[in-house]
């Protein structure tokens, strides 16, 4: 197939710049949630113990593999739990959704064990699912040994700031997950007890925070994931082994909100490719948006690759619009071909003619 390569350069005005204080973090990542671009980082690819931010994976797997309205009967698998808990009892009947709130708001290790056992039959089988999903998402430096994040004398769950940002970006695409992690207070009634849970994520006091997960063990120290949205910026911050994590997250967000601006560089309703005469009509399904700071505004390149597809179908993917910041790919958007009504009618008539000849 013949390749058609087209280039265009885009320029934008800049804005002010400030610096965040991040000295206390051993590892951190500030990521643009929409594009996956890392805006700022430190030691982002070094595997470290991650403690209870593990539960992000436990939560999203439960949401993807079971009905949240299912009623779970708590069994004695929770007896091996220790550390933080929601203190459910053997024989108690509780919905899977309520367990997920207990998992994410109160970091219940007993909830993690019960959820993993319910989803996969045992925590050991659930861990296989966790590691499989990690590979699918692209978490190259992560290994899970349990569903809670607890570590013992021999091992604990290992990941990186970057990998956990990838996981969070993936999880935040799930509406039910977003609803859970942004909740500040949640009340549960079971056949045995009534619970009122308050979210441990203190960052939820800020209007721009949309969710996250806390973590701590003696070995891992403090770990924290959070998400934020403001001024059309959707961001993720992950810190690992940070004694002042609340302030690190707040500082990184404030820097980003003051330094970056969101630009809609290509409007899906006005998309066209200069020089293309082969296709009737080309379109993209989403506006292309990027966030930029002052010293990046003259380095943005739109690079379109089209394939000349013979006998292409209506609404078939025929290319990709790549957006580069200098030499770094920061976004890509699929391009589709639409046949105009005249061409489509002729094509359908020919197809129906052959069908009637059979």
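Only residues that are buried (at least 19 other Cβ atoms within 10 Å of the Cβ) and either on the phi > 0 side of the Ramachandran plot or not in a helix (DSSP H, G or I) (or both): list them for the range 42-54, please. Give the steps one after another, and end with the answer.
Our first condition is that a residue be buried (at least 19 other Cβ atoms within 10 Å of the Cβ); within the range 42-54, this holds for 44, 48-54.
44, 48, 49, 50, 51, listed by residue number.
If residue 119 satisfies all but one of (1) touching a residue at least 60 places away in the same chain (Cβ under 8 Å); (2) under 29 Å from residue 73 (Cβ atoms); (3) surrounded by 20 or more Cβ atoms within 10 Å (Cβ to Cβ), what's the number of the condition it fails?
With (1) touching a residue at least 60 places away in the same chain (Cβ under 8 Å); (2) under 29 Å from residue 73 (Cβ atoms); (3) surrounded by 20 or more Cβ atoms within 10 Å (Cβ to Cβ) applied to residue 119, the lone miss is (1).
Only one of (1) at pLDDT below 95; (2) out of contact with any helix residue (DSSP H, G or I) (no Cβ under 6 Å at 6 or more places or on another chain) is not met by residue 18, so which one is it?
Status for residue 18: all satisfied but (2).
Please go through the range 128-166 and give me each residue that is in contact with a strand residue (DSSP E or B) (Cβ under 6 Å, 6 or more places away or on another chain), in a helix (DSSP H, G or I) and under 10 Å from residue 54 (Cβ atoms), ordered by number.
Listed by number, the list holds a single entry, 164.
Checking the conditions here, which among 64, 69 is touching a helix residue (DSSP H, G or I) at 6+ places or on another chain (Cβ under 9 Å), in a helix (DSSP H, G or I) and either surrounded by fewer than 15 Cβ atoms within 10 Å (Cβ to Cβ) or modelled with pLDDT under 95 (or both)? Before the answer, list the steps.
Details: 69 fails: in a helix (DSSP H, G or I).
Only one candidate passes the filter, namely 64.
State the number of residues belonging to the range 201-219 that are surrounded by fewer than 18 Cβ atoms within 10 Å (Cβ to Cβ) and within 17 Å of residue 156 (Cβ to Cβ). I'd like the intermediate steps shown before the answer.
Of the residues in the range 201-219, the ones surrounded by fewer than 18 Cβ atoms within 10 Å (Cβ to Cβ) are 202, 205-208, 218-219.
Subsequent filtering for residues that are within 17 Å of residue 156 (Cβ to Cβ) retains 218-219.
Adding up the residues that qualify gives 2.
Of (1) surrounded by fewer than 17 Cβ atoms within 10 Å (Cβ to Cβ); (2) modelled with pLDDT under 95; (3) closer than 28 Å to residue 105 by Cβ, residue 25 satisfies all except one. Which?
(1)
For the list (1) over 21 Å from residue 168 (Cβ atoms); (2) in contact with a strand residue (DSSP E or B) (Cβ under 7 Å, 6 or more places away or on another chain); (3) assigned to a helix (DSSP H, G or I), I need the number of the one condition that residue 79 fails.
With (1) over 21 Å from residue 168 (Cβ atoms); (2) in contact with a strand residue (DSSP E or B) (Cβ under 7 Å, 6 or more places away or on another chain); (3) assigned to a helix (DSSP H, G or I) applied to residue 79, the lone miss is (2).
Tell me the residue from 57, 114, 104, 31 that is buried (at least 24 other Cβ atoms within 10 Å of the Cβ), part of a strand (DSSP E or B) and not assigned by TED's automatic domain parsing to the domain that holds residue 331, please. Before you say what the answer is, go through the steps one by one.
Values: 57 fails: part of a strand (DSSP E or B); 114 fails: part of a strand (DSSP E or B); 104 fails: part of a strand (DSSP E or B).
Just a single option satisfies the conditions, and that option is 31.
Would you check if residue 94 is within 18 Å of residue 77 (Cα to Cα) and either assigned to a strand (DSSP E or B) or in contact with a strand residue (DSSP E or B) (Cβ under 6 Å, 6 or more places away or on another chain) (or both)? If you could, list the steps in order and put the result at the bottom.
On the way: within 18 Å of residue 77 (Cα to Cα): yes; either assigned to a strand (DSSP E or B) or in contact with a strand residue (DSSP E or B) (Cβ under 6 Å, 6 or more places away or on another chain) (or both): yes.
Answer is yes for this residue.
Give the residues of the range 182-200 that are surrounded by 12 or more Cβ atoms within 10 Å (Cβ to Cβ) and more than 24 Å from the chain's Cα centre (by Cα), sorted by residue number. Break it down into steps so the answer makes sense when it comes.
Start the filter on the range 182-200 by keeping residues that are surrounded by 12 or more Cβ atoms within 10 Å (Cβ to Cβ), which leaves 182-183, 186, 188, 190, 192-193, 195, 197-200.
188, 190, 192, 193, 195, 197 - these are the residues of the range 182-200 that are surrounded by 12 or more Cβ atoms within 10 Å (Cβ to Cβ) and more than 24 Å from the chain's Cα centre (by Cα).
Suppose we filter 154, 239 for residues that are over 21 Å from the mean Cα position of the chain (by Cα) and farther than 16 Å from residue 103 by Cβ; which single one remains? First the steps, then the outcome.
Working: 239 fails: over 21 Å from the mean Cα position of the chain (by Cα).
When all the criteria are applied, what remains is 154.
The values are calculated or read from the model by the stated rules, or taken from the named source; none is laboratory data. No experiment lies behind these values; they were computed from the predicted model shown. Note that we place each Cβ from the backbone using ideal geometry, even for glycine, and neighbour counts take in every protein chain shown.
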